[in-house]
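These notes concern the structure reproduced below.
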Amino acid sequence: IAKRCGLSVDRLQFYRNAARDVASLDKSIQARQGKGSSASGESNDKGTSMADLNAKDTSPSPTDLAASQMLREDVRRLIKTLSPKEQAVIRLRFGIDDGRPRSLDDIGKKFSVEKERVRKIEARALLKLRQPYRNENVKCYISDL
């Protein structure tokens, strides 16, 4: 066979060994039978296939990861258009840096101001962020606009 295919005997043996380890994605994977509730071996479960295991992969796709990173960068650029005080309030209020949103009271204590003052700063900053010339770069991420 090796001579007819133009391969060396070693190479043909390598391909044969590699082909022996190939398994179908539709092949059922059975759990081991042992002690426990299914020890009698009377289980009606047909097992899980390799295709089922791959279909349940919940990790984000590379496209989703890239879009998420681009959105994060664009939001950071958008926030940089605000005054330093407004930037700090928005970052803390929505947990942009650490993923932990803060209450108006917590932010007020941090800056030694009343929570009503923090609320006004937040409202003014959000109003600025809604201005069309500022938010042009992030509109593409929202399909409802």
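The values are calculated or read from the model by the stated rules, or taken from the named source; none is laboratory data. What you are looking at is a predicted structure, and each value in this text was computed from that prediction instead of being measured. Glycine also receives a Cβ, built like all others from the backbone with ideal geometry; neighbour counts cover every protein chain displayed. Side chains included, ligands, DNA and RNA excluded: accessible areas come from the protein's heavy atoms. Shrake-Rupley method; radii C 1.70, N 1.55, O 1.52, S 1.80 Å.
Numbers at a glance
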item: Qualifying positions in segment 57-92 - open to solvent by 70 Å² or more (accessible area, probe 1.4 Å) and acidic (Asp, Glu); result: Asp57, Asp64, Glu73
item: Some residue of segment 93-101 being at positive phi and either open to solvent by less than 50 Å² (accessible area, probe 1.4 Å) or of a type outside the set (Gly, Ala, Ser) (or both); result: yes
item: Candidate set: segment 19-56, residues that are loosely packed, with under 11 Cβ neighbours inside 10 Å and part of a helix (DSSP H, G or I); chosen: the one modelled with the lowest pLDDT; result: Ala55
item: Any chance Ala67 is in contact with a helix residue (DSSP H, G or I) (Cβ under 8 Å, 6 or more places away or on another chain) and modelled with pLDDT under 90; result: yes
item: Flag for Leu65 being assigned to a helix (DSSP H, G or I) and under 30 Å from Ile29 (Cβ atoms); result: yes
